[in-house]
1. Return the total of residues in the range 284-308 being farther than 15 Å from GLY234 by Cβ, in a loop (DSSP other than H, G, I, E, B) and either over 23 Å from the mean Cα position of the chain (by Cα) or β-branched (Val, Ile, Thr) (or both).
2. Checking PHE247 against (1) under 19 Å from GLY308 (Cα atoms); (2) in a helix (DSSP H, G or I); (3) among the aromatic types (Phe, Trp, Tyr), which single condition isn't satisfied?
3. Does the range 306-342 hold any residues that are open to solvent by less than 70 Å² (accessible area, probe 1.4 Å) and either free of Cβ contacts under 8 Å to residues at least 40 places away in the same chain or charged (D, E, K, R) (or both), and which are they?
4. Would you confirm whether or not the range 93-101 contains a residue that is open to solvent by less than 10 Å² (accessible area, probe 1.4 Å), over 23 Å from SER37 (Cα atoms) and in contact with a strand residue (DSSP E or B) (Cβ under 6 Å, 6 or more places away or on another chain)?
5. Among GLN256, GLN267, which is the only one that is under 19 Å from ILE176 (Cα atoms), open to solvent by 30 Å² or more (accessible area, probe 1.4 Å) and at pLDDT 95 or above?
6. Would it be correct to say that ASP76 is at pLDDT 85 or above and in contact with a Gly (Cβ under 9 Å, 6 or more places away or on another chain)?
7. Could you please find all residues in the range 172-201 being of a type in the set (A, V, I, L, M), within 26 Å of ILE225 (Cα to Cα) and in a helix (DSSP H, G or I)?
8. Consider ARG164 against the criteria (1) touching a Phe, Trp or Tyr at 6+ places or on another chain (Cβ under 6 Å); (2) open to solvent by 10 Å² or more (accessible area, probe 1.4 Å); (3) of a type outside the set (Val, Ile, Thr); (4) in a helix (DSSP H, G or I): it satisfies all of them except one. Which criterion is unmet?
Amino acid sequence: MFFPIKLRVPQVYLLLFFLLIVHFDALTLTQKPEKSSALVPAIIVFGDSIVDPGNNNVINTLVKCDFPPYGIDFVDQMPTGRFCDGRIPSDLIASKLGVKELLPAYLDPNLESQDLLTGVSFASGGAGYDPITSETAHVISMDDQLELYKEYQEKLRAIGGDARAENIISKGLHVICVGSDDIANTYFPTLFRKLQYDIPSYADLVVTYASRFFQELIKLGARKIGIVGIPPIGCVPSQRTLAGGLFRECAPFHNQLAELVNSKLNQEIQRLGSIYQGTLLVYINIYDTLLDIIQNPNKYDFEVATNGCCGTGLLEVSILCNSVTSFVCANVSDHVFWDSYHPTERAYQILVDVVIDDVLPLIIS
């Protein structure tokens, strides 16, 4: 037999409170455990279009991609200014290190204060170590990216206080990915440097500018720095078309310069590491892995490695890759390259997996 129980008002509140506590405990028992904590407090990125998530959207330059079909595989198929069909390496690194799923552009007008605490990208598509490269493309130079970084540091201190800001700066992973445009957009197609420098001496010049950047970054407090080498730029579709001859082979002199810069860059990184004790400087080799993907696409389940997915795949990049004049290939995931210059998200995922395996033991030590 059921006997109704009459409760006074205070007793009703107590019963409801008890039921809420029981419900909350049941939920906590059934919830999945949270992801492990981030391996670094922040990811802070400098460089060019490989790691630009949209900074060029808000500057006066033709080097843009904030329009379809860019972003066709991004969240909600949204073009964000990333030079890719989907996510770019800076996003993938941030995700794999447990920091956040997407690394935003510092100049994004929708950026919130809390976003700064876990890092941003200052990269600008078209930038180079060589100042002439950024100047001719009307993009954010490496020096200007450092100025933005100084501004960022002040914002960090205002948001989180001095101690937290210093922790983010000193323990955050700083990634530098730049140099391809010095080769593809400055040295070979123009006379700005070629009249004064042969290939070896231009490599020296690029590394000199790079070293200055690294040392300025160290002076600003960075203690974990990953420096990405130049890829086999002579094998990207546009350079095959422009400098690869009738059969569109990899442009040999482009790759020669890339390899030379990488070798000298690695030596300079080791030299600086011996000078700046307590600072981790890591050279990240992507040349070999990307070259292997290009030369052996079937090994990685790709079918097309010499053309981009956008348009003819021969020259379309940035404003030439658009929804008005360009079609998109039937299966993006079959292609190593999205446009004539930038890999697809799937190719980036393979590269980043290799990078993380190589670098992770160092950055968490």
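The values are calculated or read from the model by the stated rules, or taken from the named source; none is laboratory data. Because the structure is predicted, anything quoted here is derived from the model rather than measured. For neighbour counting, all protein chains shown are included, and Cβ atoms are generated from backbone atoms with ideal geometry for every residue, glycine included. Surface accessibility is based on the protein's heavy atoms, side chains included, excluding ligands, DNA and RNA. Shrake-Rupley method; radii C 1.70, N 1.55, O 1.52, S 1.80 Å.
1. Within the range 284-308, residues that are farther than 15 Å from GLY234 by Cβ, in a loop (DSSP other than H, G, I, E, B) and either over 23 Å from the mean Cα position of the chain (by Cα) or β-branched (Val, Ile, Thr) (or both) number 3.
2. Condition (2) is where PHE247 drops out.
3. Looking only at the range 306-342, we keep the residues that are open to solvent by less than 70 Å² (accessible area, probe 1.4 Å), and these are 306-311, 313-314, 316-318, 321-322, 326, 328-329, 331-342.
Within the range 306-342, GLY311, GLU316, CYS329, ASN331, SER333, ASP334, HIS335, ASP339 qualify.
4. To start, the set of residues in the range 93-101 that are open to solvent by less than 10 Å² (accessible area, probe 1.4 Å) comprises 94, 97.
Add one more test, that the residue is over 23 Å from SER37 (Cα atoms), and what stays is none.
The answer is no; no qualifying residue exists.
5. Working: GLN256 fails: under 19 Å from ILE176 (Cα atoms).
After applying the criteria, what remains is GLN267.
6. Working: at pLDDT 85 or above: yes; in contact with a Gly (Cβ under 9 Å, 6 or more places away or on another chain): no.
Criteria not met by ASP76.
7. Step one: of the range 172-201, the residues of a type in the set (A, V, I, L, M) are 173, 175-176, 178, 183-184, 191, 195, 199.
Okay, now just the ones that are also within 26 Å of ILE225 (Cα to Cα), so 173, 175-176, 178, 183-184.
Correct list: ILE183, ALA184.
8. (1)
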